[in-house]
1. Quantify how much of the Cα-Cα distance distribution of region 1-78 extends past 21 Å, in percent.
2. Determine which lysines satisfy two conditions relative to residue 106: a Cα distance under 20 Å, and not lying fewer than 8 residues away in the same chain.
3. What whole-number value in cubic angstrom gives the convex hull volume per residue for the C-alpha atoms of region 115-272?
4. Using DSSP, restrict attention to beta bridges with both residues in the chain and report what percent are antiparallel, rounded to the nearest 5.
5. Return the ratio Rg/(2.2 N^0.38 Å) for region 69-142, where Rg is computed over Cα atoms only.
6. Return one quarter of the surface area of the convex hull spanned by the alpha-carbon atoms of region 123-196, equal to its mean projected area, in nm².
7. Based on the Kirkwood radius over alpha-carbon pairs, what is the Stokes-Einstein translational diffusion coefficient of the chain at 25 °C with 0.890 mPa s viscosity, in µm²/s?
8. Could you rank the peptides 51-57, 240-246, 195-201 by their average count of other C-beta atoms within 10 Å per residue, with the highest value first?
Amino acid sequence: MEHKKIAFFNYLIPQNWIISITLLSARLLSYLPFHWILKLGHILGVFLYFLPSKRSAIAIKNIDLCFPTLSDFEKKKLLKKHFSSLGIGLLEVAMVRWKSNKAFKKLITVNGLDHLRNAVKKDKGVILMSAHFTSLEVSALIGRKEIVSDLPPLVGMYRLGSNEIINQFFRQARLRSVEGLVTKFEVKSLIKALKEKKIIWYASDQNFTGKNAIELEFFNQKAMANTAITRFIEITGCSVLPFFPTRLENHQGYSLTIYPEINYAANQDPELFLKEFYRVLEEHIKKNPEQYYWIHRRFKSNLENKNPYL
């Protein structure tokens, strides 16, 4: 999808002042040493934690649903760590947009790269099927030649928001790592990229209610999932590999983990394929639960029409 660059004067319009000042501040902060950015992100997260919002209530409900065996103290501790992770994640977007590849090279470790290289050798397209972690934007760095030099071009999927300045910021951040971007409405472009043997960076773990929706279990809760990815496999013969980021402790950087390919045979039940993906995702989340996006209403829709967030 083509987009015209926003004229500079749009940043000076009074209604955009807060956004413009925020982006300018984020750019200045992105040049700080990595450990300082993490500390400032933590402070931002603490502020967000104490700021009343419906997102906090959603996170509390999700933690209650997914971790019923935790004590109230442990749940509150996880909630605080989650908001700290959210604050850091906001500044990570600025890092991805402006920090140098040389700086990132020292921070990124890619695990399971052989799984991806073996998939590429099949001479078909590949989908790196990710999920909404607080370091989601960092995972796109796998597409930069300075991080991994011998991979086909990466094409990312993205979602348009209501503010064009914010949309442009995210496009520019992601286009440092990917060859192109497509929205969920540009299915033909996505299939074309797969047929051209490119790698698609795809995250489809949020609540879904479209015609391709099926119900499955995620953390022992009923959740709706999108089966469209199995159609992409049927049409293009592509491989699908789970791919998730982790922010390491003690300011050590990031681990990008590629899991073995999830096989999907002809005429297989899409539900079995998605169950395996969500099994891998759930196990990855449990290692660092604070880093998953608990502020989304993941369990809003189900076949029984029971919305736990009401």
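1. Working: 1697 of 3003 pairs.
Here the long-distance tail beyond 21 Å is 57 percent of all Cα pairs in region 1-78.
2. Counting by Cα, and skipping residues close in sequence, residue 106 has these lysines nearby: 39, 145.
3. 140 Å³
4. Numbers: 12 of 31 bridges.
Restricted to the chain, the bridges split so that about 40 percent are antiparallel.
5. Working: Rg = 16.7 Å, N = 74, 2.2 N^0.38 = 11.3 Å.
In units of the globular-protein estimate, region 69-142 measures up at 1.48.
6. Numbers: hull surface 21.7 nm².
Projected area, direction-averaged: 5.4 nm².
7. On the way: Rh = 20.4 Å.
The Stokes-Einstein estimate is 120 µm²/s.
8. Numbers: 51-57: 12.1, 240-246: 24.3, 195-201: 19.7.
In descending order of packing, they fall as 240-246, 195-201, 51-57.
Coordinate-derived values only; no laboratory data. Quantities reported herein were computed from a predicted structural model and do not represent experimental measurements. Cβ: placed from backbone, ideal geometry, glycine included. Neighbour counts: every protein chain shown.
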